[in-house]
Structure formats: C-alpha cells, structure tokens
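Below you'll find the structure, written out as structure tokens, and then a few comments.
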Amino acid sequence: MGQVTARGTSAIRRLWRSRLGAALPSRVLLEIQRREEQSERLVGWIQLLLVLIFGAFYLLGARAEGARGASFTTTILTIYIVFTLFRVWLSYRRVLPAWFLVTSIIADVGLLCALIVSFHVEYDQPAAFYLKAPTMIYLFIFISVRMLRFDPRFVLLTGLTATLGWFMLVVYALNTDMGDMHITHNYVEYLTSNTILIGAEVDRGIALLGVTFVLTLALYRARSVLVDAISGQTAAADLRQFFASDVADSITSAEVMPVAGMSRTHDVSILFVDLRGFTATAAALPGATVMAVLRLYQEAAVQTIASHGGQIDKFMGDGILATFGAVQDSITHAADAVRAARDVVDAVAELTPQVLDAGWPGPLRAGAAVSSGPVTVGVVGSHNRLEFTVIGHAVNMAAKLEGANKVESTRALTDQKTFALAVAQGYDAAPLRRLPQRRVAGLSDPVDLVVVA
C-alpha cells in the first residue's frame, strides 16, 4: 500500500508541475493530492446517491403504463450500484490512477446509455422512442459532478464521452428497423409520434458540448485559484512555525498588509531566557550534539512559555525573547511572565538526563528575567524583509536583569516594580529573596531586585 501511495503521489506531483508550468513545493502538491482524493470520494458518493434515488423511485413506484417488453433497468442499476460502491471503497484504499478514472467515466456514460436504450425494449417501441427519454439529462449531472475534483481534463472527457454516447444512440436509432418510424422535419409530428428530428438531436449534442466547454473553461480558471489558495494556506501554516500563532493570525487576517513602521505602544511584560555557559561548552562539541541540545532546550522553553500565554518574539542562539500581552492585550501579563520565568528554569533543569544522553558534558542550567512597562510593538525592516518585534526600555531591562543572574547566583529575577504589578495581577508565590539597590551592568541606577527562582 505504501508503494502504491508513493507512486500515486509522485504521479500527481509530475502532473501538477507539468500543468502549472512551474515546480510547486512538495507540501503544496501533497495538500492538492489530499484534496483531490477527498473530491474523488465525494464524486463517488454523489453518484451513488443519485443512482440510489433513481433506483428507489423506479422500484417503489408502479411500473409505468404501456410497459410490455422485458425490463433491463433493475439489472443495469444493480451493475451501476455495485461498480460505484467498488469505486468509493477503492478511493479510501489508494489514490485512484488516471486510467481507472477514465474507465469510470466511460462506465458511467455507458451504463446510462444502456439504461436509455432499454426503454424502447421495455415499452416495445421503435428505437426513436428512447431519444425522448428524460433520463438523458443525467448526462449533464455526470458532467457537472466531475467539477468537484477541480480537474478540467475529467470534465472535458466526461462531456465528450457523453456527447459521443448520445451520438451513438442517435446513429443506432437511425440504423435500426424503422418500421413506422421515420425522419421528420415537422416539430409537432416529432413531439407526438415515434419520429426523429435531426435538428433536435443536434441541439442536444450542442447543449452537451456547450455545457462541457463552459464548465471546462470555468474549472480551468478556478484551478489556478485553488492552487493559489492552497499555496496561501500552506504558507500561512508555515508562517505559524516562525511566528507566534497570534502574530501569524494578525498578519494573515489583517485588512491591510503590514508595512515597516506600523506600531502601537502599550504596557507589556518581557521575558528573557539564556543558557549558562552554552557558548563555551558548545565550542568544544560536535555541531550535531549542539543542535540536538538546543532543540531539546527550545522545545521545553517554548512549551512552558506558551502554557503561560507568552509568545516567542525571537530566538538568539541560546537566548529566547518572549512577550506577554504584546500581540493581544492582557490584564495578567506581568503575573504570567513571572510564572513563566520561574517554571522555565525548572523545565530546563529537568532536561539534564536527556542532554547528557545527547552528549552534553554536564547539567543544563538557564537564567531568566522579567521586566514590564510600555513597549512599542510593531513591524520593522524594508519592503521585502519585514520583522515583527518589540522595542522599549522593558526589553533592554529584561536582558540586563538576566545577566544579573550570574552576578547574584540566581536563576530568575525581576525588578520590584514588575513584581508588585505581578502580585496585583494575581501572582501569589512569595519571592525567594529581595535584593535592594543592586548595581546591574548596563543600567545607570541601582535596581531593587526580586528573586523568583
């Protein structure tokens, strides 16, 4: 099954690349494949529903007056139901190959034409009798149902097959034993007798071809829209891996495309996290080991920060800058950030067994710091390279306070003002220590520090 799916995926990739004139990313092609598989199942279910409805009306209703000959309707409906059920079942088992879809289209039209032909036998009438059967309108339904796949080739093929099928029915009627049947140019006689009006049959053929070409053209244009939509959705999903979900949502749902300089200023909390001795230790280790440890650390830190409502602003090597209340206003941003600082250093410490297994020479330790205040939140960069970021004193303060962890031999710090705000917002854990009027590198004035971990 895996080999079949792989071959089907490869074929679809080649098909779409050739049809679109450019190579699409594999993830976009896979999403197109997934949707086409869903569409093919939907086509099968709709056709099954149609034939079941038709069959129910036929079997539950009394046989129409005038039916004297043998009836093949039940047999044809049974064959079609079995075939459609098989097709639906197979569509859940594998990617249906193009040859099978073509065969299905021919079978659809062939069985419907056989059903139409059976009418003149059932009612013991000349072959021209079935040309007036309303069942031929199902040919239009078969054509339109094929639009669900968003592949104009199959719409065109269905329409051409239906037109060819109808043409063969007309030719068959013209070449059978005419009896009292004849070709007429009188429209009234045509409607009231078993005669053939060539113009009427030409009109039906033109109608089939007209509907086919219009739907094919419409679907050809819609296909490019589909590809653009899938590409856009895939890009948006990818974007969420590089930005916090709230940031990605604000970009993709914005009425106006964000541009450099767009910003707003409001109170937020900033969390800065950094690993102890990471750079010096990493210099002596293989790159694969360093990246494995970095991945473990970042996954644990991001999960912890997100659990408290924070958003990652950026990764800076082993440093992480996170915001609380920057993208969406929060009345608990300080409390959330202090909780995150306390928990993230514990989460990193718990990684020690895993990083030792990865080849790190000792326990993994992190420092964290939180600062709150008015920050400018906005977009910086140029027209072709934008970045969402935060700028302000609180950002610089958080970075400086994190550095103070090394001097104070602490794991997580904040300033007294931020801690008081966190308490006012619901933070209820007592501080481990208070360090009044401490000198912090990079800050001109002494700071009242509060140790939270």
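Numbers below:
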{"quantity": "Surface share of carbon and sulfur [accessible, 1.4 angstrom probe, percent] for the stretch 300-365", "calculated": "52"}
{"quantity": "Charge dipole (debye, nearest 20) of the stretch 106-176; +1 at Cβ of Lys and Arg, -1 at Cβ of Asp and Glu", "calculated": "260"}
{"quantity": "Net charge dipole size for the stretch 389-429 [Lys, Arg +1 and Asp, Glu -1 on Cβ; Debye, nearest 20]", "calculated": "100"}
{"quantity": "Percent RCO, i.e. relative contact order, over the stretch 331-453, from Cα pairs under 8 Å lying at least 6 residues apart", "calculated": "29"}
{"quantity": "Quarter of Cα convex hull surface for the stretch 284-397, i.e. mean projection, nm²", "calculated": "8.4"}
{"quantity": "21 Å Cα-Cα reach of K314 towards lysines, excluding residues that sit fewer than 8 places from it in its own chain", "calculated": "K400"}
{"quantity": "Segments 43-53, 267-277 sorted - mean Cβ within 10 Å per residue, highest first", "calculated": "267-277, 43-53"}
{"quantity": "Packing rank of 189-201, 436-448, 116-128, where each peptide gets the mean count of other beta carbons within 10 Å, highest leading", "calculated": "116-128, 189-201, 436-448"}
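The values are calculated or read from the model by the stated rules, or taken from the named source; none is laboratory data. Quantities reported herein were computed from a predicted structural model and do not represent experimental measurements. All Cβ positions, even for glycine, are placed from backbone atoms using ideal geometry, and neighbour counts span all protein chains on display. Heavy atoms of the whole protein, side chains included, go into the accessibility calculation; ligands, DNA and RNA do not. Shrake-Rupley method; radii C 1.70, N 1.55, O 1.52, S 1.80 Å.
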